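Everything below concerns the one structure shown next.
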Amino acid sequence: MPPVRSARNRKPPPDGFDDIEDTLLEFANKMKDAENASHEGKKRHEVLWPIFQISHQRSRYIYDLYYDKEAISKLLYEWLIKNGYADGILIAKWKKQGYEKLCCLRCIQTKETNFNATCICRVPQAQLKEDQTIECVSCGCRGCSSAD
């Protein structure tokens with residue numbers, strides 16, 4: 001959930017927010033649980049994986065409501081992105097060909113890798129060896145290539 005702002009600067013949500021508010025609260029509770037979870041026995045990069053996954057699920061939920069099911073209005077969709085309920089940049093990537101199943105933006109940033117390439121989770125499963133399992137270091141994804 002986005003941070004709470006003062007009441008005088010905040011506009012009320014558009015019509016239709018009441019229908020999805022319960023689901024968004026569930027995502028907020030899952031996010032709080034993931035943030036407060038114990039870090040004992042986990043590798044340093046594994047600690048943030050649940051947070052990335054919940055953020056992805058929440059953004060995908062809003063994306064599906066607007067683009068696939070057409071269950072929410074454009075006004076509500078833009079309000080949700082503006083108020084931090086969904087990642088607008090990630091959703092913009094999902095609309096492009098080849099990025100339909102993208103897990104996070106860190107996986108396509110080439111500057112964060114050793115060989116200036118995208119993450120291993122972007123490689124199609126057909127190009128990997130049969131017994132080779134992959135796992136993204138940045139978000140824990142096991143494959144988000146659109147060719148799969």
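Odds and ends about this structure:
- Qualifying residues in the stretch 79-123 (those that are among the polar types (S, T, N, Q) and more than 20 Å from CYS136 (Cβ to Cβ)) - the one least open to solvent (accessible area, probe 1.4 Å): ASN83
- Residues that are in contact (Cβ under 8 Å) with a residue 40 or more places away in the chain and either basic (Lys, Arg) or open to solvent by 40 Å² or more (accessible area, probe 1.4 Å) (or both), drawn from the stretch 124-145: VAL137
- Every condition in (1) modelled with pLDDT of 95 or more; (2) aliphatic (A, V, I, L, M); (3) touching a Phe, Trp or Tyr at 6+ places or on another chain (Cβ under 7 Å) holds for LEU102 except the one numbered (1).
- Looking across the stretch 99-118, the residues that are in a helix (DSSP H, G or I) and among the hydrophobic types (A, V, I, L, M, F, W, C) come down to LEU105, CYS107.
The values are calculated or read from the model by the stated rules, or taken from the named source; none is laboratory data. Not measured: the values here are computed from a predicted model. Positions of Cβ are generated from backbone atoms using ideal geometry, with glycine treated the same way; all protein chains shown enter the neighbour counts. Note: accessible area is taken over every heavy atom of the protein model, side chains too, but ligands, DNA and RNA are not part of it. Shrake-Rupley method; radii C 1.70, N 1.55, O 1.52, S 1.80 Å.
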